[in-house]
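Below: the structure, in structure tokens.
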Amino acid sequence: QVRLVESGGGLVQPGGSLRLSCAASESIYSFYRVGWYRQAPGKQRQLVAIISSGGAANAADSVQGRFTLSRDNAKNTVHLQMNSAKSEDTAVYYCYADRGQYVYWGQGTQVTVSS
């Protein structure tokens, strides 16, 4: 059974940085895509950044230039480096992976941007 375990969430000041990590129970190259979504209170879950096994990447306009998605293949881990944090980045961040019709989610990690 596939498991995705997030870590690294917490409180960060506006303009600050935070790095989220997602450890997968299987090789991240066994998935078609891996990445991150987020859900703010009262809003729908939305894409943050995602990358395919072939390296094709996509990110929300709101985070481009500030957030970076990376893969550590040896550790089966996906990272989301968050820089220049804004209050609107406050949300629960979920790790995502799929194999076509099969979709997997982590349990979520809270990120709060506040002074």
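Suppose a student asked you for the relative contact order of the chain, using Cα pairs under 8 Å spaced at least 6 residues apart; what percent would you report?
37
Output the Cα-based Rg and Dmax of the stretch 38-92 in Å, rounding Rg to one decimal and Dmax to a whole number.
Spelled out, the Cα radius of gyration and Dmax of the stretch 38-92 are 12.2, 37 Å.
If you take the alpha carbon radius of gyration of the chain and divide it by 2.2 N^0.38 Å, what ratio comes out, to two decimals?
0.99
FYI, it's all coordinate maths here, none of it is from the lab. What you see is a predicted model; the values in this text were computed from it and never measured.
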